[in-house]
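Bear in mind that the values in this text are calculations on the coordinates, not laboratory data. Predicted, not measured: the structure shown is a model, and the values here were computed from it. Because the Cβ atoms are built from the backbone with ideal geometry, glycine has one as well, and the counts that use them run over all protein chains shown.
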Amino acid sequence: MNGYVFLGVAIACEVFSTSMLKASAGFSKLLPSLAFIVGMGASFYTVAQAMASIPLNVAYAIWAGLGTVLTALVAVFIWKEPFNIHSAVGIILIVAGVALLNLKGAAH
């Protein structure tokens with residue numbers, strides 16, 4: 001399987017897991033807590049598989065950066081958390097950093 005497919009699955013699992021962490025209410029709810037643990041395990045496994053064919057600096061930047069951006073969007077749209085100019089600028093900077101690593105990173 002393509003490393004970027006693994007990376008996409010890892011990002012999706014991370015975003016799902018982080019949302020389940022919020023739903024677990026401090027690990028006081030069993031099912032969201034278990035979903036968090038399973039989802040994070042799947043995320044770490046698939047990002048490790050991705051790193052077999054994608055350089056560490058690129059894979060980790062994409063995984064952490066896009067995971068953060070997507071989690072922030074889930075927080076706003078699903079959990080109805082506030083969004084402001086500082087959040088928007090931060091997300092733009094993360095996306096710009098990931099793009100720069102992919103344009104001129106070690107993989108190129």
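Descriptive notes on the structure:
- Within a Gaussian network of the chain (alpha carbon springs, distance under 10 Å), most fluctuating of Gly41, Gly67, Gly90: Gly90
- Overall form of the range 3-104 per C-alpha gyration tensor (a/c, 1.5; a/b vs b/c): oblate
- Length added when fully stretched, Leu93-Trp79, from 0.36 nm per residue minus Cα-Cα: 2.7 nm
- Chymotrypsin sites (Phe, Trp or Tyr not before Pro), loop per DSSP, at most 16 other Cβ atoms within 10 Å - longest free stretch of the chain: 28-78
- The chain - mean residue ellipticity at 222 nm from DSSP helices (-39,500 (n - 2.57) per run, n ≥ 4, rounded to 500): -27000 deg cm²/dmol
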